[in-house]
1. What value, in deg cm²/dmol to 500, does the helix sum -39500 (n - 2.57) over DSSP H runs of n ≥ 4 give at 222 nm once divided by the residues of chain A?
2. Give me the accessible area of residue A:433, 1.4 Å probe, in Å² rounded to the nearest 10.
3. About the Cα centre, and with charges only on the beta carbon of Lys, Arg (+1) and Asp, Glu (-1), how big is the dipole of the protein assembly as shown? Nearest 20 debye, please.
4. Grab the other residues whose beta carbon is less than 13 angstrom from that of residue B:179, score K and R as +1, D and E as -1, and report the net.
5. Give me the percent relative contact order of segment A:20-200, please, defined on Cα pairs under 8 angstrom at least 6 residues apart.
6. For segment B:185-191, what does the Karplus curve 6.51 cos²θ - 1.76 cosθ + 1.60, with θ = phi - 60°, yield as ³J(HN,Hα) per residue in whole Hz, taken in order and with x for Gly and Pro?
7. Could you state how much accessible area residue B:121 has, in square angstrom rounded to the nearest 10, with a 1.4 Å probe and all protein chains kept in place?
8. When we measure straight from the Cα of residue A:135, which aspartates and glutamates land under 12 angstrom away, once same-chain ones fewer than 8 places off are left out?
Amino acid sequence: MSSAITDLGHHHAHDEPKGLARWLTTTNHKDIGILYMLFGLTMFLLGGVFAELIRVQLIHPANHLVTPEVYNQIITLHGLVMVFGALMPVTAGFANYLIPMMIGAPDMALPRLNNWGFWLLPPAAIVLVLPFILKLFGIGNGPVDTGWTMYAPLSVQGGLGVDFAIFAIFLLGASSLMASINIVVTIFNLRAPGMALMKMPLFVWSWLMTSFLLIAVFPALIAGSAMLLADRHFGTHFFSAAGGGDPVLWEHLFWFFGHPEVYILLFPTAGILSQILPTFARKPIFGYRAQVYSYWAIAALSVVVWAHHMFTSGMPVAGQLYFMYSTMLISVPLAILFFCWLATIWKGSLTFETPMLFALGYIVLFGIGGLTGLVLADAVADQQYHNSFFLVAHFHYALFGGPIMGVIAGVYYWLPKITGRMYSERLGKLHFWLTMIGFNITFMSQFFLGVAGMPRRIPDYALQFAPLNLVSSLGAFLLGAAQLILVYNIARAWAGYGQPATSQVWEGAHGLEFTLPSPPPHHTFDEQPVIA
Amino acid sequence: MSANTAATTRRYFVPKPSPYPALLSFAIMLLAIGLALRVNGYPAGQWIAWVGLASIVFALVRWLGNVIGESEGGFYHKWEDRSFRLGMIWFIISEVVLFATLFGVLFYERNVSVPWLASLDTHFTPWPHFADAWPTAGPLGKSFATVNPWRIPALNTLLLLSSGATVTRAHHWLKHDRRGALIFWLAATILLGVIFLVLQANEFYEAYTELGLTLGSGVYGATFFALTGLHGFHVTVGVVMLTAILVRIVRGHFDPSHHFAFEAVSWYWHFVDVVWMLLFVFVYWL
């Protein structure tokens, strides 16, 4: 197989553009993967700045750092930027960089479409935050301020920021659909001979399911957003009872997309975990088939449980019961994933390098997110917890504790492969422990705030919530500062400092990407390897 | 890259770096910003949108020009062809979901939200006299008449069904390399599509001027124009794509075994056809 792993002086290597033009015009999956990841990191930092602003505002009661209007804009953009700007692009970056190498493909199946999928993202981000700048010129009153869920009728009545958010969603949707189609086609058509579907690394499987979900649900959000635009400007009554419409219809459309979106964020990082745990446990993955079937079960269930986000919006009892039980049913395949991970590391020869630490942190934190999700899924209990800080804490355990921890684990795991340099293990461990401590201080206190009755999305609060809010804010500053270590570690390896990485990088690593040099040549597997 | 190396070593064709995808993205951004400003009453937005639209057309023409050049240059073989087929299938699946969402909206309105609104306790609802009915303009909407399905919509159904048959006929003659018959049946398909669009535009005009059925006619009007309008947009795109294929055929492109662009457009056309059948039944008729 090693004969296939050479850069064969690709036919057009000599006429490839340099500098900015290279990145704008590239059709190379590794270049595009890196673009996605850098864009995701940038948006992670921007969304992080918004998060810190929220916590500064809430550090003590009656704070006047920002006006309530600006506070609403900040919480909305924090959500949209983190979900659509940071997490989705960065996992798509992993997909682009890794999937062709993992399945022995020369590139993604549709390389120009791949480039288009990425380059739709910076324009979408610009469209989303442009109203900040327009406001300075006296146009409009700033960006979207409805909360990231953009519920009608508030979003029907909001300012022009809502329109910019709607157009940003169109661009993001087109980008996600193009990327997903490309990934499905690549997996179906470009696998190396002998790379059967059930031999694919679980990361590839996880992205196949992610792509299916995106194709199945993103069009619903696009349609809903177009209806919202029409209600705002073209006189329709989709979400207005005066014309026979229904504001709750928007919630249905949004959450038909929004709930599977949780798994769209989760799947790729579950796949990352299933690459990392066997490496550092020095054991093969436990329950490969069970995990693949769990992906299928989770994906199938995720599109029929959306209204558990709407228990407090009003729904017949039969609907509440159905959505409650079907939601709880998802914990069965998710638990199978968890137990497969635990069985993978059970009695392994464990070492605790940074990727492994973040992977184990993922299991702990996402476990808490999942268990508190069961509480919220209870239609009766949810009446109490919904719209309180309990819910905020829950989904940060689910989305930071899961996907973001998984992404960081993946960054440390493949950074040596991508840059050819090891990161600083000492700083990596420091990053992990500060993240773990900062995160739990920030969000564990929010569970208590929520149970005590503090509502979310309010820039001020009653005096009895002050001590825990101070704790939460201090935790958030620690958590935010810790992420600068990640930036430094990436920049350091990128700049060529640190120990050179070997091809295999990690002693226990397996998979086609670890048969290639670190960093891999620009074009790999021009001639496909044959998988025994 | 020369065509013969690709043929002999089973190398996948990876196109050269191209400026058009990024150009297209930023053109779409201009269109988005322009439209967002325009709908909020800033006339400058209109000009930004036009610049964006012109750039979109430019980028698409150049990009597709490259694709056609590569196709005619013999760079695509069975392997690449399979990618295009899978890509088109999954694209159409995403379109199916888009229309399914709107049909879901129609179902929700007719069977859930309108009946609920009519069944609220009369002491608590602002509209105690609102009755469950379909079509409806809602409690405060102006009354309107609906389009008679057995006049223009039925004729349109016939036209689109026939166009599905003619495009299949054209494909048949393409496979038998009979250019004259191919051009005749493809042109007939385009003509049927254009007549459909003219009749549809006329129907919209009459809905507005004679029936009082507008976008503002409650949920019925909104959903009616959303579904038929989105479908009409797809027919328009289909007609443009069929015309591009016709121009390519006149220029001598494609051969009996190598004509995926034709097939992709015909799949799309059949998809639009099937959507119309559902529209006719659930929007116009029932």
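1. Working: 18 runs with 348 residues, N = 532.
Here the helix-only value at 222 nm equals -22500 deg cm²/dmol.
2. About 140 Å², ignoring ligands and nucleic acids.
3. Details: 37 positive and 37 negative charges, 299 e Å.
So the magnitude is around 1440 debye.
4. Details: positive: B:175, B:178, B:248, B:251; negative: B:177, B:255.
Net local charge, residue B:179 excluded: +2.
5. Numbers: 254 pairs, mean separation 49.6, N = 181.
27 percent.
6. Values, residue by residue: 6, 5, 4, 4, 4, 4, 4 Hz.
7. Solvent-accessible area, nearest 10 Å²: 80 Å².
8. Output for residue A:135: empty list, no partners.
The values are calculated or read from the model by the stated rules, or taken from the named source; none is laboratory data. All of these numbers come straight from a predicted model, not from anything done at the bench. Because the Cβ atoms are built from the backbone with ideal geometry, glycine has one as well, and the counts that use them run over all protein chains shown. Note: accessible area is taken over every heavy atom of the protein model, side chains too, but ligands, DNA and RNA are not part of it. Shrake-Rupley method; radii C 1.70, N 1.55, O 1.52, S 1.80 Å.
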